[in-house]
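Student: Sharing a structure with you now.
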Amino acid sequence: MASHVVGYPRMGPKRELKFALESFWDGKSSADELQNVAADLRASIWNQMADAGIKFIPSNTFSYYDQVLDTTAMLGAVPPRYSWNGGEIGFDVYFSMARGNASVPAMEMTKWFDTNYHYIVPELGPDVNFSYASHKAVQEYKEAKALGMETVPVLVGPVSYLLLSKPAKGVEKSFSLLSLIDKIIPVYKEVVAELKAAGATWIQFDEPTLVLDLDSHKLQAFSDAYSELQSSLSGLNVLIETYFADVPAETYKILTSLKGVTGFGFDLIRGTKTLDLIKTEFPLGKYLFAGVVDGRNIWANDLASSLTTLQDLAGTVGKDKVVVSTSCSLLHTAVDLENETKLDQEIKSWLAFAAQKVVEVNALAKALSGQKDEAYFSSNAAAQASRKSSPRVTNEAVQKPAAALKGSDHRRATNVSARLDAQQKKLNLPNLPTTTIGSFPQTMDLRRVRREFKAKKISEDDYVKTIKEEINNVVKLQEELDIDVLVHGEPERNDMVEYFGEQLSGFAFTVNGWVQSYGSRCVKPPIIYGDVSRPKAMTVFWSSMAQSMTKRPMKGMLTGPVTILNWSFVRNDQPRFETCYQIALAIKDEVEDLEKAGITVIQIDEAALREGLPLRKSEQDFYLKWAVHSFRITNCGVQDTTQVHTHMCYSNFNDIIHSIMDMDADVITIENSRSDEKLLSVFREGVKYRAGIGPGVYDIHSPRIPSTEEIADRINKMLAVLESNILWVNPDCGLKTRKYSEVKPALSNMVAAAKLLRTQL
Ligand code: GLN
Ligand code: ZN
């Protein structure tokens with residue numbers, strides 16, 4: 001009975017790789033030093049898996065930046081602007097593609113399926129000269145071997161690689177990415193040959209795009225690619241790994257009938273329907289890599305229940321053909337629970353991070369072969385039971401009203417046009433009103449004050465005084481700039497989810513629970529472990545203080561329920577929508593308290609609404625329905641004269657525009673400056689759209705200061721498709737990461753542009 005791990009986090013238990021990378025990028029350490037840190041991390045990960053008893057240990061799942069970029073390097077598919085002259089790709093070309101350099105910008109980055117991990121999007125055209133230009137996969141295999149460990153080298157599969165690419169500039173329309181398959185297969189063959197020569201006995205191809213809704217043309221590409229590879233793969237055991245969702249039935253058939261493949265990996269956490277497919281039919285003599293340990297979350301596995309599933313599967317495919325595995329790479333979970341010194345002991349007993357999941361995988365494999373570690377299983381059962389019955393998890397007072405929301409509807413009674421009229425009477429805003437998205441620059445001083453207050457090094461009085469001063473400065477600045485709807489600047493918040501999570505019940509926080517987001521960037525999602533409720537008001541104190549400093553409307557600033565949900569580790573003991581409804585009810589109370597305190601404009605950010613969209617089309621409607629419903633719940637109880645804003649990052653809304661309209665916000669501000677035309681064309685179709693819209697007029701991700709003319713030009717383009725009475729003028733997103741020296745002139749130009757255009761309406 002064997003055990004396998006799909007992939008493992010690279011950052012290290014204390015983000016060692018992050019610090020080594022950043023120090024190297026800053027020129028503070030050498031390439032050798034960076035390589036040493038990386039080699040140590042790889043060795044310790046391999047050792048840890050070997051010690052745990054894992055039979056199929058992955059190699060080449062380490063990366064200095066991203067595994068898709070590694071594949072681009074392997075294939076020598078470097079876009080010409082990075083002036084690579086052939087030869088083995090080194091750090092300079094590699095990191096230039098990842099991060100840009102003084103003269104060329106980085107390659108595009110986008111979300112890896114529905115995770116918060118971002119990969120570097122390959123840019124391919126018909127002229128790319130593919131060549132074997134990075135031997136990393138072979139080097140890592142040999143490196144492990146030298147340490148006495150036999151590993152399974154992992155490659156991003158050729159078809160997924162192409163499907164995750166985008167056509168290079170200039171060939172967008174005329175070109176099919178899949179047509180490149182014949183050109184990349186020869187490079188894969190070279191890699192395979194070299195791995196074989198180095199002694200590899202297994203190879204893993206990650207083909208996660210197999211879980212998407214693929215048309216027959218794309219499915220055909222899989223059959224073609226693997227039959228083309230078949231001869232070079234002979235003598236090797238081949239695993240094709242899928243993850244993140246169910247494999248559609250049609251795809252399953254094609255996948256499991258591929259020739260020359262030894263094993264198939266499935267995500268059985270998200271793929272409950274795949275489980276049924278396997279039970280109905282699985283190819284005789286092949287290995288099933290059964291992903292029963294969740295790579296996307298932090299909960300300890302319910303070992304007894306997984307064992308039952310595995311035994312069941314063993315009945316179908318044969319006991320010696322089941323390999324216990326993780327549902328996907330452990331890249332998407334936190335690294336090691338050992339380092340959580342501040343977590344409550346009981347909550348800790350409910351959790352398993354990557355290091356613990358490896359142990360779970362092996363324990364399940366042993367149990368399946370009849371060598372059950374009784375002590376380990378019974379302590380797991382005890383933890384499961386404590387989680388089920390804990391009063392910290394279940395709160396009847398929350399459960400009932402939240403459950404009642406399903407199937408019901410909540411909307412404001414008056415339609416948006418009538419509401420906007422009522423609001424305008426009260427707010428008296430000019431045409432093209434100006435506003436910002438919420439945060440103002442977070443200076444070093446500000447971060448230090450928050451840190452010191454948290455560490456109880458300064459008193460509450462001093463803290464409040466400092467924050468108040470900061471708010472006052474931000475208010476005065478906005479008045480000087482003559483912005484119409486003000487914000488308080490969010491100086492009291494380190495993070496838009498953590499700030500609320502810390503004040504809501506049902507949330508826990510880790511010290512080192514980091515998950516890679518992109519490159520050296522990591523996020524530390526809160527853990528939602530119990531029913532969510534709001535013990536007391538969370539933002540009213542600061543918002544009313546800010547409102548008292550000005551006669552202009554001051555926006556109350558909240559994070560919406562869907563974003564709080566999508567940026568947290570969520571409960572797996574109840575459906576996501578139930579948790580979301582609970583958060584929605586808590587935010588609803590906050591909205592109503594703000595209204596009572598005299599706040600007339602309330603912004604509820606849903607930056608991550610798009611992110612939670614399920615991969616499979618068949619599941620998307622249901623998600624959008626409860627997500628949008630949750631948002632409406634938060635503000636269905638306010639008066640017509642209270643103006644509800646929402647804000648969203650990213651603008652690939654094309655496919656969900658109707659859901660966005662259905663949120664029924666009075667005003668929506670969206671990121672726009674990086675993908676203009678697309679967004680505007682979406683709203684063009686929506687002349688029916690009567691609510692206010694503020695497509696960002698400049699990109700806050702860049703330090704560049706846009707000129708008045710440039711912004712005016714942008715607004716003019718928007719006016720060509722949107723009616724002037726619904727258009728707002730605002731930046732793309734919050735200003736938290738910018739400096740005041742950038743923010744002041746940029747906002748000043750923004751207001752000037754709005755004023756200029758008002759005279760021309
Ligand atoms: N109100 C938040 C801010 O301005 C919104 C951030 C976001 O959309 N990511 O910082
Ligand atoms: Zn944003």
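The values are calculated or read from the model by the stated rules, or taken from the named source; none is laboratory data. Model, not experiment: these values are computed from the prediction. Here Cβ is always computed from backbone atoms with ideal geometry, including for glycine, and neighbour counts include all displayed protein chains. When the accessible area is computed, the model is the full protein with side chains, heavy atoms only, and any ligands, DNA or RNA have been set aside. Shrake-Rupley method; radii C 1.70, N 1.55, O 1.52, S 1.80 Å.
Student: Restricting the search to region 522-540, which residues are part of a strand (DSSP E or B) and within 14 Å of ligand 1 (Cβ to nearest atom)?
Tutor: Residue satisfying the conditions is 523 alone.
Student: Same structure again: Please state which of the following conditions residue 652 fails to meet, knowing it meets all the rest: (1) at pLDDT 95 or above; (2) within 16 Å of ligand 2 (Cβ to nearest atom); (3) open to solvent by 10 Å² or more (accessible area, probe 1.4 Å).
Tutor: (1)
Student: Provide a single number: the residues in region 720-754 that are of a type outside the set (Gly, Ala, Ser), open to solvent by 40 Å² or more (accessible area, probe 1.4 Å) and more than 16 Å from ligand 2 (Cβ to nearest atom).
Tutor: The qualifying residues number 6.
Student: Please note which helices (runs of 4 or more DSSP H) are completely contained in region 1-109 and include at least 2 residues that are among the small types (Gly, Ala, Ser).
Tutor: Those helices (runs of 4 or more DSSP H) span 16-25, 31-52, 91-99.
Student: Something else: Suppose we filter region 513-535 for residues that are open to solvent by less than 20 Å² (accessible area, probe 1.4 Å) and of a type in the set (Ser, Thr, Tyr); how many remain?
Tutor: Summing the residues that are open to solvent by less than 20 Å² (accessible area, probe 1.4 Å) and of a type in the set (Ser, Thr, Tyr) in region 513-535 gives 2.
Student: So which of 550, 510 ends up being at pLDDT 95 or above, under 24 Å from residue 15 (Cβ atoms), part of a loop (DSSP other than H, G, I, E, B) and open to solvent by 10 Å² or more (accessible area, probe 1.4 Å)?
Tutor: 510
Student: When region 397-410 is examined, which residues are found to be closer than 25 Å to residue 300 by Cβ and open to solvent by 40 Å² or more (accessible area, probe 1.4 Å)?
Tutor: 399
Student: Going by what's in this entry, would residue 757 be described as part of a loop (DSSP other than H, G, I, E, B), more than 16 Å from ligand 1 (Cβ to nearest atom) and either touching a residue at least 24 places away in the same chain (Cβ under 8 Å) or surrounded by 17 or more Cβ atoms within 10 Å (Cβ to Cβ) (or both)?
Tutor: Criteria not met by residue 757.
Student: I'd like to verify a number: residues in region 411-465 that are aromatic (Phe, Trp, Tyr), over 28 Å from residue 746 (Cβ atoms) and open to solvent by less than 40 Å² (accessible area, probe 1.4 Å), how many?
Tutor: 1
Student: Identify, from the list 55, 14, the residue that is charged (D, E, K, R), open to solvent by 30 Å² or more (accessible area, probe 1.4 Å) and under 29 Å from residue 263 (Cβ atoms).
Tutor: 55
Student: Applying the selection to region 58-88, what residues are within 29 Å of residue 367 (Cα to Cα) and open to solvent by less than 10 Å² (accessible area, probe 1.4 Å)?
Tutor: 58, 59
Student: Identify the single condition in (1) closer than 28 Å to residue 55 by Cβ; (2) surrounded by fewer than 21 Cβ atoms within 10 Å (Cβ to Cβ) that residue 363 does not satisfy, given that it satisfies every other one.
Tutor: Result: residue 363 fails condition (2) only.
Student: Just for helices (runs of 4 or more DSSP H) wholly inside region 129-203: which have at least 1 residues that are farther than 30 Å from residue 215 by Cα and among the aliphatic types (A, V, I, L, M)?
Tutor: Helices (runs of 4 or more DSSP H) meeting the threshold: 136-146, 181-198.
Student: Still on this structure, please answer the following. Take region 245-265 and flag every residue that is open to solvent by 30 Å² or more (accessible area, probe 1.4 Å) and of a type in the set (A, V, I, L, M, F, W, C).
Tutor: Residues satisfying the conditions are 249, 254.
Student: Right, next: Taking only pairs six or more apart or across chains, which ones have beta-carbon atoms under 8 Å, a first residue in region 387-415 that is touching a residue at least 40 places away in the same chain (Cβ under 8 Å) and within 22 Å of residue 351 (Cβ to Cβ), and a second residue that is in a loop (DSSP other than H, G, I, E, B) and open to solvent by less than 100 Å² (accessible area, probe 1.4 Å)?
Tutor: From region 387-415, the pairs are 387/350; 387/393; 387/573; 388/573; 393/573.
Student: Can you find, within region 588-612, the residue that is farthest from residue 663 (Cα to Cα) among those that are in a loop (DSSP other than H, G, I, E, B) and touching a strand residue (DSSP E or B) at 6+ places or on another chain (Cβ under 7 Å)?
Tutor: In this case the residue turns out to be 599.
Student: Kindly indicate whether any position in region 488-497 is within 18 Å of the chain's Cα centre (by Cα) and open to solvent by 10 Å² or more (accessible area, probe 1.4 Å).
Tutor: yes
Student: So, one more: What are the pairs, 6+ residues apart or on separate chains, where a residue within region 718-743 that is more than 15 Å from ligand 1 (Cβ to nearest atom) has its Cβ under 6 Å from a residue that is among the charged types (D, E, K, R)?
Tutor: Every condition considered, the pairs that remain are 721/684.
Student: Another one. Pick from 632, 610, 571: which is basic (Lys, Arg), open to solvent by 10 Å² or more (accessible area, probe 1.4 Å) and within 16 Å of ligand 1 (Cβ to nearest atom)?
Tutor: The conditions single out 610.
Student: For region 207-244, enumerate the residues that are open to solvent by 20 Å² or more (accessible area, probe 1.4 Å) and of a type in the set (Asp, Glu).
Tutor: Hits for region 207-244 are 213, 215, 224, 228.
Student: Okay, next question. Restricting the first residue to region 173-187 and requiring it to be open to solvent by less than 60 Å² (accessible area, probe 1.4 Å), which pairs with a second residue that is assigned to a loop (DSSP other than H, G, I, E, B) and hydroxyl-bearing (Ser, Thr, Tyr) meet a Cβ separation below 6 Å and a spacing of at least six or different chains?
Tutor: Matching pairs, first to second residue: 177/165; 187/132.
Student: From the list 471, 483, pick out the single residue that is open to solvent by less than 10 Å² (accessible area, probe 1.4 Å), away from ligand 2 (no atom under 16 Å from the Cβ) and in a loop (DSSP other than H, G, I, E, B).
Tutor: Residue meeting the stated conditions: 483.
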